[in-house]
Amino acid sequence: MIFVICAALLAWCMLSGQREEILSAYGLSREGILAGEYYRFFTCMFLHAGLLHLASNSIYLYYFGVRAERLLGTGKFLVLYLVSGLCGGVFSVLFSGNAGVSIGASGAIYGLLGAMLLLTKKRGARYTGMNYSTMLLLAATAIGFGFLQEGVDNFAHIGGFLGGIAVFSLLLRKK
C-alpha cells in the first residue's frame, strides 16, 4: 500500500505539470517546519523526485518491508515505518542545514533496515531470512556512500536508521 501511495503521488506530480510546486509545498524543508508546517514530516515520506528514485526506494521497501510486516504484523510495521521516517525528518531538519527540500521514503526504509538488522542479530538469520553481516555491510556502505553523493539527505537516512532501531527496541521490550 505504501508503494501504491508513492506511485500515485509521483504520477500526480508528473501528470499535473506542477511537480516543483507540489514538492515545494509538501517536501521537508527547515523553513516549512519552522513555520509550523509539521505535516511535512509525513508528506515528504511519500513523495519522490522521479521513477528511478521511486524504483530504488521500492526495491528496499519490498525487501525489508515485506519481511518486517510478516514478522511484526501490519500495525507494528506501520508504527515502525512512520516513526522511522519521522526520525529521519527530524535529523534532516536538525543537521542538514538549509539544504532545500527533502523528499523520499528512504529515511523510513533505513528504519526498516535498522529494525531488521537488530532482529537478525537477536534472533538469527533463520528467523528473518537475512544475513546479519551482509545487512551490516549494506547499512555501513549505504550511509558511507550517502556522504559522497550530492543531493542525498544522508541525515534523514541516519535518523531513520537510528529511529528504526529505537522503535524496534521499544516494541521488543513491550512484548
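Step through the residues of the stretch 117-132 one at a time and calculate ³J(HN,Hα) from phi using the Karplus curve (6.51 cos²θ - 1.76 cosθ + 1.60, θ = phi - 60°), rounding each to whole Hz and writing x for Gly and Pro.
Running phi through 6.51 cos²θ - 1.76 cosθ + 1.60 with θ = phi - 60° gives 4, 5, 5, 5, 5, 7, 10, x, 5, 5, 6, 9, x, 10, 8, 4 Hz.
Pop out the Kirkwood hydrodynamic radius of the stretch 1-70 from its pairwise C-alpha distances, inverse of mean 1/r, in Å to one decimal.
Across the stretch 1-70, the inverse of the average 1/r is 13.0 Å.
Can you give me the relative contact order of the stretch 52-113 as a percent, contacts being Cα pairs under 8 Å and 6 or more apart?
Value for the stretch 52-113: 49 percent.
With an 8 Å cut-off on Cα pairs and a minimum separation of 6 or more residues, tell me the relative contact order of the chain in percent.
Contact order relative to length: 26 percent.
Give a residue-ordered list of calculated ³J(HN,Hα) values for the stretch 57-64 (Karplus: 6.51 cos²θ - 1.76 cosθ + 1.60, θ = phi - 60°; whole Hz; x for Gly, Pro).
Coupling constants for the stretch 57-64: 5, 5, 4, 6, 4, 5, 4, 8 Hz.
Alpha carbon centre of the stretch 13-62 versus the stretch 119-175: separation in Å?
22
Solvent-accessible area per residue for the chain at a 1.4 Å probe radius, Å²?
53
At 222 nm, what helix-only mean residue ellipticity would the chain give, in deg cm²/dmol to the nearest 500, using -39500 (n - 2.57) for each DSSP H run of four or more?
Taking each H run of at least 4 residues, the total per residue is -22500 deg cm²/dmol.
Rank these residues by their accessible area, most exposed first, probe 1.4 Å: 64, 3, 147.
These residues rank, largest area first, as 147, 3, 64.
Once the whole set of protein chains is in place, how much accessible area is left on residue 19, using a 1.4 Å probe, in Å² to the nearest 10?
80
Once the cut-off is 22 Å, how many percent of the Cα-Cα pairs in the stretch 15-115 end up in the long-distance tail?
31
Explain nothing, just compute: Karplus ³J(HN,Hα) = 6.51 cos²θ - 1.76 cosθ + 1.60, θ = phi - 60°, for every residue of the stretch 84-96 in order, whole Hz, x for Gly and Pro.
Those phi angles translate into 4, x, 4, 4, x, x, 5, 4, 4, 5, 6, 10, 7 Hz.
The values are calculated or read from the model by the stated rules, or taken from the named source; none is laboratory data. The structure presented is a predicted model; accordingly, all values stated were derived computationally and were not measured. Remember, those area values only see protein heavy atoms, side chains included, never the ligands or the DNA or RNA. Shrake-Rupley method; radii C 1.70, N 1.55, O 1.52, S 1.80 Å.
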